[in-house]
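The values are calculated or read from the model by the stated rules, or taken from the named source; none is laboratory data. It should be emphasised that the depicted structure is a prediction, and the values quoted were computed from it without experimental measurement. Reconstructed Cβ throughout: ideal geometry from the backbone, glycine too, with neighbour counts over all protein chains shown.
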Amino acid sequence: MLIAVLLASGCTLARVLTNYDSFSKLDPKVRNHILRGRVEIGYTQASVLLALGRPNYRSYGSTGTKSAETWSYTALDVASSIAFSENSPQYANETPTIKLGWVTFEEGMVTQMSQNFAPN
């Protein structure tokens, strides 16, 4: 059963197998979320890396007295095409992207996330 879930999870499989010792020590509920690419409030940065991989962008700020770090995830929008136009050359170098979601950490723990990454 575990192998079927791992095979269905795509890129997560490589991250889990590479870090299997850490993954195997996690609570079964957390492991299930990671395999489905989901995170919850309180997850560590290491757990988010297993579930979602490296972020495309990182931003830093603060929430009151605590420093915060937000990880943003994007993907190429292969369904959209930007055609080159002599009248609009600035579009020639743009890559259409889709914002998949974000996760915010305070003191290394998830405090907020976009609904896209929340467990169903």
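Show the residue pairs meeting these rules: Cβ distance below 6 Å; 6+ apart or different chains; first residue within region 102-113 and more than 17 Å from TYR73 (Cα to Cα); second residue assigned to a strand (DSSP E or B) and of a type in the set (Lys, Arg).
GLU106/LYS66
Which of the residues belonging to region 56-69 are in a loop (DSSP other than H, G, I, E, B) and either modelled with pLDDT of 95 or more or more than 19 Å from CYS11 (Cβ to Cβ) (or both)? Give the steps one after another, and end with the answer.
Our first condition is that a residue be in a loop (DSSP other than H, G, I, E, B); within region 56-69, this holds for 56, 64-65.
Within region 56-69, GLY64, THR65 qualify.
Which pairs do you get when a residue that is of a type in the set (Asp, Glu), found in region 58-79, comes within reach of a residue that is modelled with pLDDT under 85 and in a strand (DSSP E or B), reach meaning Cβ atoms under 7 angstrom, with the pair 6+ apart or on two chains?
Cβ pairs passing all conditions: ASP77/THR97; ASP77/ILE98.
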